[in-house]
1. Only one of these conditions is not met by ALA296: (1) hydrophobic (A, V, I, L, M, F, W, C); (2) part of a helix (DSSP H, G or I); (3) touching a residue at least 40 places away in the same chain (Cβ under 8 Å); (4) in contact with a strand residue (DSSP E or B) (Cβ under 8 Å, 6 or more places away or on another chain). Which number is it?
2. Give me the residue from segment 507-532 that is part of a strand (DSSP E or B) and over 35 Å from the mean Cα position of the chain (by Cα) and, out of that set, surrounded by the most Cβ atoms within 10 Å (Cβ to Cβ).
3. Please find, within segment 318-347, the residue that is surrounded by the most Cβ atoms within 10 Å (Cβ to Cβ) out of those that are of a type outside the set (A, V, I, L, M, F, W, C) and assigned to a loop (DSSP other than H, G, I, E, B).
4. Going through segment 274-316 one residue at a time, which ones are aliphatic (A, V, I, L, M) and within 24 Å of ASP218 (Cα to Cα)?
5. Report every pair of residues separated by at least 6 positions or lying on different chains whose Cβ atoms are under 7 Å apart, first residue within segment 492-506 and in contact (Cβ under 8 Å) with a residue 40 or more places away in the chain, second part of a loop (DSSP other than H, G, I, E, B) and of a type in the set (Asp, Glu).
6. Take ARG144 and decide whether it is assigned to a helix (DSSP H, G or I), crowded, with 17+ Cβ neighbours inside 10 Å and more than 16 Å from the chain's Cα centre (by Cα).
7. Is it the case, given these coordinates, that PRO302 is at pLDDT below 95, crowded, with 22+ Cβ neighbours inside 10 Å and not hydrophobic (A, V, I, L, M, F, W, C)?
8. Out of GLY399, GLY437, report the one residue that is in contact with a Phe, Trp or Tyr (Cβ under 9 Å, 6 or more places away or on another chain), farther than 13 Å from LEU338 by Cα and part of a loop (DSSP other than H, G, I, E, B).
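The values are calculated or read from the model by the stated rules, or taken from the named source; none is laboratory data. What you see is a predicted model, and the numbers here were worked out from it, not measured in a lab. Here the Cβ is made from the backbone with ideal geometry for all residues, glycine too, and neighbour counts use every protein chain on show.
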Amino acid sequence: MGQGEVDGNVSRIRVDPRHPRPDFYFARLDGAHESTMPEAQAKTRLLLVDDHAVMRHGLAAIVNEEPDLVVCGEAEGAARLAGGAPTVLGASATFHVEEVIARQHIRVDPQAPTHFAFDDGAPFIPVGLNICWAATDRPLEDYRRWFTRLAENGGNFARLWMASWSFGIEWKDTGLGQYEQRMERAALLDAVFELAESLGIRLMLCLLNHGAFSLKADTEWRDNPYNRDNGGPLDSPEQFVTDERALALFERRVRYVAARWAHSPALHSWEWWNEATWTPIPAESLRRWFTRVDTAITRYDPYRRLRTTSWADRGDALAWRLPALDFAQQHDYTHDDLLDRYARDMRRWRDDGLSDKPVLAGELGLDTTFDAKAPRPFDWDAVHLHNGLWAPVFHGYAGTALYWWWDQIVDPQDLWPAFRGIARYLQAVQDAGLRVGLHSSHAVTVQDARLRAQALVGARSVLLWVRDAGYHAEALQQAWRDQDGASDPRRTWQPAWTTFPATRLRLEDLSLPDGAAGVRWFDTRTGDVVVQQRAELRDGHLELSCPVFDRDLAAILVVQE
């Protein structure tokens, strides 16, 4: 693609100086306009620059609906101002249109619809956690530390909340439809998006937290500006999804949010609700609301970022089937062995008819409460986090589980290196030319009954995770109790990890072609290759010798051409 130039007197230009290559620009140009209509001559004329024709057309449609704006020209690519942005209104400027950076957008993978992919076709597997709000009165410093540590260890995903105490732009102190009083929060979210972009982290942005419309769980209804007691239109929270004035006001907020942040390549998805379970809104009313707000955000988000929502569990099966929701989520606070938990829940998702949508484990923790002062003889959460990073991937989920307690467990205990192993393993899968989403679950027979294994099988490959059957939080807590640890929970306890000798693994009824295969075994903590082997496939039968290890180990097997 070549370069083009547009000269004009610039009265106003939407250029973020912090981002040298934004997705699109609006520039108001003075000078002659092609139209001879008097009303068109009075309008502000905009030059629209974007690398996608569909995006340009969508943005143009939005702009042209405004009574005082009109798109006077379009250009493909990214724009920059020669010599920098003008400092004097009315000054002349030249735009150079250049090729934009790749991977601006993430979609449901057309090759593997249970997973995600970039717009250039490369697979995207979320590896991350919840980082919903700041922990101190220096929020940007918090996010800089958290995002940096996540990215250093291969993480690429985080979930944020626009809650009243964090990034929310509309609350009791602003009034409905008025956001000026919270522009510093919007600016903070700008900075967090910019930070995420610089580190390659994608964000799920949750617009509504449950407490704002709940009467029982973390309730904030008393301070909600939609509450009639605060001058709002609603007598009760459930009216939020049916009252026309409330709907119009929320759509106004959606328009602002989309206009400010939809352009960012860091934005993975919009999440309508966090855990709508805790609100009194009926399921049928909520389904109609999803369809309506989807229409609204489609109008204002020309990039068509992904949309989702969440409940406190697996949620409403009928809602998940709506075209308005691009992928599903589940939230889990459980002591279960996650190998069992996610296997069972994935079967339920498929039984619910969600065989063609991605599913994310959007929240994970051992418990819904955390007492930092309570004695912890062993770091059970570190084990739960580790299993939450690996188990969902091997049961068909679109990414790792997103752990909760970022501010009370992950960062204070420096558990960030836990993300390194799975991130490097998934990168090795991609570097081998494989897509996790084109693999399906397959049974593995393990010679040693103390071990468990889970396999994903593709057309010419096998992905394998082998784990000590007792390496999960509940089993370790029981082992601690059995060793009389409960008599003094303040005493540090360290399990004696079992070292497993070379163990035979067998997979039957494979549809892989016969022949030699290369096998690489990975350390699940570092992502390093620890052993390389050769194996033979014969008549759908494969036997492997697992190297010596403790806790767990992963492998990639590729049948040679």
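1. Condition not satisfied by ALA296: (4).
2. Pass one, segment 507-532, residues part of a strand (DSSP E or B): 507, 515-522, 529-532.
Okay, now just the ones that are also over 35 Å from the mean Cα position of the chain (by Cα), so 515-516.
Details: GLY515: 13, ALA516: 10.
So, considering only residues that are part of a strand (DSSP E or B) and over 35 Å from the mean Cα position of the chain (by Cα), the one surrounded by the most Cβ atoms within 10 Å (Cβ to Cβ) is GLY515.
3. First, pick out the residues of segment 318-347 that are of a type outside the set (A, V, I, L, M, F, W, C): 321, 323, 326, 329-337, 340-342, 344-345, 347.
Narrowing the set further to residues that are assigned to a loop (DSSP other than H, G, I, E, B) leaves 321, 323, 326, 334-337.
Working: ARG321: 16, PRO323: 9, ASP326: 19, THR334: 15, HIS335: 16, ASP336: 17, ASP337: 21.
Here the answer is ASP337.
4. First pass over segment 274-316, keeping only residues aliphatic (A, V, I, L, M): 276, 281, 283, 286, 293, 296-297, 306, 312.
ALA276, ILE281, ALA283, LEU286, ALA312, listed by residue number.
5. That search, which allows pairs on different chains as well, returns PHE500/ASP448; THR503/ASP448.
6. When the stated conditions are applied, ARG144 does not pass them.
7. Values: at pLDDT below 95: yes; crowded, with 22+ Cβ neighbours inside 10 Å: yes; not hydrophobic (A, V, I, L, M, F, W, C): yes.
So PRO302 passes the test.
8. Values: GLY437 fails: part of a loop (DSSP other than H, G, I, E, B).
Only one candidate passes the filter, namely GLY399.
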